[in-house]
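Undergrad: Following this message is one structure expressed as structure tokens.
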Amino acid sequence: MKKLTILEAESLAGKFRSERGLSQYEPINAKTLLRRLNITTMYRPLSGNSYGISCRSKSGKMFMMVNSNSTRGRQHFTIAHELYHLFYDENPSPHMCQGLATGEEKNANMFASALLLPRDGILPMIDKDEIIHRKIKLATILRMEQMYQVSRTNLLLRLKALGLMTERQVKDFQAVQVKSSAREYGYDQSLYEAGNEGVVIGDFGEKARLLYESGKISEGHYIELLNMITNGQKEN
Ligand SMILES: [Zn+2]
């Protein structure tokens, strides 16, 4: 496994966009993209520290599960993170992604960040004055996170990675209450709330349906199921 630099992650994300007819600046609509890529996706409540899981079967079918307990903004990051596993992970094996910043997890996070928040899209949204004085306003933060449908944390970390924000400024913004700041500026709150529980994208096999319909399923079972699909056993 090769550790990606930020520039390599950006060029991979840029390539991913251009190969799918997306410009280098437009926001990603996660559900539309999942449909277009034909990735069977289920939004289900997973335990607190799990964000998502994905796998590709031997025949090339792709599956993804997203934690519906995460905020919608965080879900978009999870989806972009899982796209890295599906398309670029050199040694994919189904696992719960829990936000660990090591190895392929770190690569997947860097890719997700670059894909969701493209440099060419976010830079023009920041005033020259804000860049010169190295002080981005809350109003700009809100405009960017709403435009690109990401969580506050994802945006702040991206701005820091691009050298547009200091660690101190990130901390200061993290102390601001996200939902109330959005409300004050007249934005929709749904980005900052959990959602999509029970939503399914794409057609999915009988096995997955049975599991899905049986309600509460342990994460261990999901992994077992996905391993089965990946190994091509009893595949639908
Ligand atoms: Zn992962």
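The values are calculated or read from the model by the stated rules, or taken from the named source; none is laboratory data. The model shown is predicted, which means the values in this text are computed figures rather than measured ones. Cβ placement follows ideal geometry from the backbone for every residue including glycine, while neighbour counts extend to all protein chains displayed.
Undergrad: Being of a type in the set (S, T, N, Q), within 14 Å of the ligand (Cβ to nearest atom) and under 14 Å from the mean Cα position of the chain (by Cα) is the filter here; which residues of region 48-69 pass it?
TA: Ser50, Ser54, Asn67
Undergrad: Of everything in region 4-47, what is within 16 Å of the ligand (Cβ to nearest atom) and modelled with pLDDT under 95? Give them in sequence order.
TA: Within region 4-47, Leu4, Ile39, Thr41, Leu46, Ser47 qualify.
Undergrad: If only one of Arg134, Arg143 is modelled with pLDDT under 95, surrounded by fewer than 19 Cβ atoms within 10 Å (Cβ to Cβ) and farther than 30 Å from Ile53 by Cβ, which one is it?
TA: Unique residue meeting the criteria: Arg134.
Undergrad: Which condition breaks for Lys106 when tested against (1) within 16 Å of the ligand (Cβ to nearest atom); (2) exposed (fewer than 13 other Cβ atoms within 10 Å of the Cβ)?
TA: Of the numbered conditions (1) within 16 Å of the ligand (Cβ to nearest atom); (2) exposed (fewer than 13 other Cβ atoms within 10 Å of the Cβ), the odd one out for Lys106 is (2).
Undergrad: To continue, here is another question. Can you spot a residue in region 72-89 that is more than 26 Å from Gln189 (Cβ to Cβ), in contact with a strand residue (DSSP E or B) (Cβ under 7 Å, 6 or more places away or on another chain) and away from the ligand (no atom under 16 Å from the Cβ)?
TA: No, because not a single residue in region 72-89 is more than 26 Å from Gln189 (Cβ to Cβ), in contact with a strand residue (DSSP E or B) (Cβ under 7 Å, 6 or more places away or on another chain) and away from the ligand (no atom under 16 Å from the Cβ).
Undergrad: Restricting the search to region 34-48, which residues are within 13 Å of Val66 (Cβ to Cβ) and either aliphatic (A, V, I, L, M) or assigned to a helix (DSSP H, G or I) (or both)?
TA: Passing the criteria: Leu34, Ile39, Met42, Leu46.
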